[in-house]
Amino acid sequence: MSLRIAAVGDVHLGADVGGRYRSHLTGIEEKADVLLLAGDLTRHGTLEEGEVVVQEFRDLPIPVVAVLGNHDHHSDKPAEIAAMLRDAGIMVLHDDSVVIDINGTRLGVVGGKGFGGGFAGKCASEFGEPEIKAFVNHTKRIADRWRVALKELEADKRVVLSHYSPVNDTLAGEPPEIYPFLGSYLLAEAIDAEGADLILHGHAHMGTEKGITSAGIRVRNVALPVLGRAYGVYCLNGEGGC
Amino acid sequence: MEAPQYVAARVQGALAEDDRTHELGIRVDVRGDQLFLRGQVGCQERRTLIADVAAEAAPGLTIHNELSVVDIREPEEEETL
């Protein structure tokens, strides 16, 4: 049984664009089995913007799974926004997993915000001032939690949903100087160790859609400005197509 | 005269931190007394606000608002992996 995964990130909703994105979700159940949201759902992370997100994505005919992004943390209300989304039936991952039964196939989704630090050979280390150590340690702890979540995941298909990027392939087009703020190889290292069928992320608005990890797992940057379309649809186990 | 790199950095900082914008992905270039804004934003109102914040952060410069509004196309055929 194949699975059709719809995904988009960085919709950056606010009252000024409320209702505009929803119109593109009409008929999504004919194109996809599940919708994954890769963070930066708001601009400033306010509760008012969170309510716009709720109205935009609630009551869809397919399951919706989301992670938050750095913008959703700006007003220090990520837990409140996550609770609002959950109350509206949207699953929100915070370095944990969910398994969804889709026509008898178990889709496992592991994920969270992710974080930065850079990519192998050009990255920060847990050394020196406490501020640098804290920065790198934040990513390490997230990667460790994803590794555990993937190890314990019992599913037929495995997707990782992140906001920050685990590879630099999908950052092509961004200034290389800011790569350490766009993602970290530690995320990919953890995922490669445990295995997944697909990794989805956002955050890099000027990046490119398609990349792979060192172990050959496909990575897709689904930031809205990168896709240029309402959402991407990725078919897993598509022998004979979806 | 302030170096153009510092002016551009100050404008980028203002665009990221100002409550009216919070835009991180805007490219800002200063050439003489001209300031160029490039990138994509979600709607026309945000495009105008970004130019307003940039003008406040770099008074005296002529603002060239070359930002475009993201055009959301309908989804295409799925990609089979």
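The values are calculated or read from the model by the stated rules, or taken from the named source; none is laboratory data. Predicted, not measured: the structure shown is a model, and the values here were computed from it. Cβ atoms come from the backbone with ideal geometry, glycine included; neighbour counts cover every protein chain shown. Remember, those area values only see protein heavy atoms, side chains included, never the ligands or the DNA or RNA. Shrake-Rupley method; radii C 1.70, N 1.55, O 1.52, S 1.80 Å.
Screening A:47, A:85 for residues that are open to solvent by 10 Å² or more (accessible area, probe 1.4 Å), away from chain B (no Cβ under 14 Å) and in contact with a Lys or Arg (Cβ under 9 Å, 6 or more places away or on another chain) leaves exactly one candidate, A:47. Scanning segment A:125-172 for residues that are in contact with a helix residue (DSSP H, G or I) (Cβ under 8 Å, 6 or more places away or on another chain) and open to solvent by 60 Å² or more (accessible area, probe 1.4 Å) yields A:125, A:126, A:127, A:140, A:144, A:147, A:151, A:168. Residue check: residue B:45 meets all listed conditions (1) assigned to a strand (DSSP E or B); (2) open to solvent by 60 Å² or more (accessible area, probe 1.4 Å); (3) within 14 Å of another protein chain (Cβ to nearest Cβ); (4) of a type outside the set (S, T, N, Q) but one, namely (1). Exactly one residue out of A:215, A:196 is in contact (Cβ under 8 Å) with a residue 12 or more places away in the chain, open to solvent by 50 Å² or more (accessible area, probe 1.4 Å) and part of a loop (DSSP other than H, G, I, E, B), and it is A:215.
Every residue, every condition in (1) under 11 Å from the mean Cα position of the chain (by Cα); (2) hydroxyl-bearing (Ser, Thr, Tyr), yes or no:
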position	(1), (2)
B:10	no, no
B:14	yes, no
B:34	no, no
B:39	yes, no
B:44	no, no
B:62	no, yes
B:70	no, no
B:77	no, no
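Out of segment A:2-54, which residues are out of contact with any helix residue (DSSP H, G or I) (no Cβ under 8 Å at 6 or more places or on another chain) and assigned to a loop (DSSP other than H, G, I, E, B)? Matches in segment A:2-54: A:2, A:20, A:26, A:27, A:31, A:32, A:33, A:46.
So the check is Cβ under 9 Å with 6+ separation or different chains; which pairs have a first residue in segment B:57-81 that's without any contact (Cβ under 8 Å) to a residue 12 or more places away in the chain and more than 7 Å from chain A (Cβ to nearest Cβ) and a second one that's open to solvent by less than 40 Å² (accessible area, probe 1.4 Å) and of a type in the set (A, V, I, L, M)? From residues that are without any contact (Cβ under 8 Å) to a residue 12 or more places away in the chain and more than 7 Å from chain A (Cβ to nearest Cβ), the pairs are B:77/A:233. If the condition is being buried (at least 22 other Cβ atoms within 10 Å of the Cβ) and not β-branched (Val, Ile, Thr), then segment A:199-210 contributes A:200, A:201, A:202, A:203, A:204, A:205, A:207. Please work out if residue B:27 is at pLDDT 95 or above and open to solvent by 50 Å² or more (accessible area, probe 1.4 Å). Answer is no for this residue.
Looking at B:75, B:4, just one residue is out of contact with any Pro (no Cβ under 8 Å at 6 or more places or on another chain) and crowded, with 20+ Cβ neighbours inside 10 Å, and that residue is B:75.
The C-beta contact set for segment A:159-187 (first residue at positive phi, second residue at pLDDT below 95, distance under 7 angstrom, 6+ apart or interchain) comprises A:173/A:206.
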